[in-house]
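Peer 1: Quick one: the structure is below, questions incoming.
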Amino acid sequence: MLRNQYRSLIYTATILTALVGPLPIVRANPGPDRAAANAMFRTKCAMCHGQDGAGSAVGKSMNVPDLRSPVVQKSSDAELAQLIANGKAGMPAFKGSLSEDQIHDLVTHIRSLHQKK
Ligand code: HEC
């Protein structure tokens, strides 16, 4: 009886090591987060803002600002995060569908669009 429990403990430990073991390697690489923000932008924002932030045809018809422009980039991170969370005019509010962390990642993504220009 005891022996069986001991054995299942070892199995559990082995499985945990197998599952948790590789994680630190993934975390040490900043790539995945950036990829996640990129994918999030593509699925939730690009339909209006374009993947490069310049604005899609739909977005331009709604007068979206070029996200790479100084007008947008001069806003603070907090202001951009607030705007994404609460929306503004034609810009939908995302606080219901995105976490604060996700919104923060999107702000970082918007900054990186600026640098790519
Ligand atoms: C349905 C179209 C639409 C979608 C989807 C959309 N936006 Fe917007 N966005 C707009 C419009 C329109 C504006 C201009 C709002 C205004 O100032 O009148 C805007 C403005 C903005 C601004 C900034 C403006 C400023 O005035 O400084 C940011 C930043 C922004 N959007 C980010 C995002 C992000 C991030 C997403 C995805 C999570 C997103 N938007 C999704 C339409 C959209």
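The values are calculated or read from the model by the stated rules, or taken from the named source; none is laboratory data. It should be emphasised that the depicted structure is a prediction, and the values quoted were computed from it without experimental measurement. Glycine also receives a Cβ, built like all others from the backbone with ideal geometry; neighbour counts cover every protein chain displayed.
Peer 1: Report, ordered by the first and then the second residue, all pairs with beta carbons closer than 8 Å, sequence separation of six or more or different chains, a first member in segment 84-111 that is aromatic (F, W, Y), and a second member that is more than 6 Å from the ligand (Cβ to nearest atom) and part of a helix (DSSP H, G or I).
Peer 2: F94/A85; F94/I103
Peer 1: Give all pairs with beta carbons closer than 8 Å in which a residue from segment 1-17 that is at pLDDT below 70 meets a residue that is small (G, A, S); count only pairs at least 6 apart in sequence or on separate chains.
Peer 2: Sorted first by the residue in segment 1-17, then by its partner, the list stays empty.
Peer 1: In segment 73-107, what count of residues is obtained for those that are part of a helix (DSSP H, G or I), surrounded by 14 or more Cβ atoms within 10 Å (Cβ to Cβ) and of a type outside the set (D, E, K, R)? Quick ask: steps written out before the conclusion?
Peer 2: Within segment 73-107, the subset part of a helix (DSSP H, G or I) is 73, 77-86, 100-107.
Applying the additional criterion that residues be surrounded by 14 or more Cβ atoms within 10 Å (Cβ to Cβ) yields 73, 80-85, 102-107.
Those left that are additionally of a type outside the set (D, E, K, R): 73, 80-85, 102-104, 106-107.
Qualifying residue count for the region: 12.
Peer 1: Any idea which residue in segment 86-117 is farthest from C45 (Cα to Cα), counting only those that are more than 8 Å from the ligand (Cβ to nearest atom) and in contact with a helix residue (DSSP H, G or I) (Cβ under 7 Å, 6 or more places away or on another chain)?
Peer 2: H114
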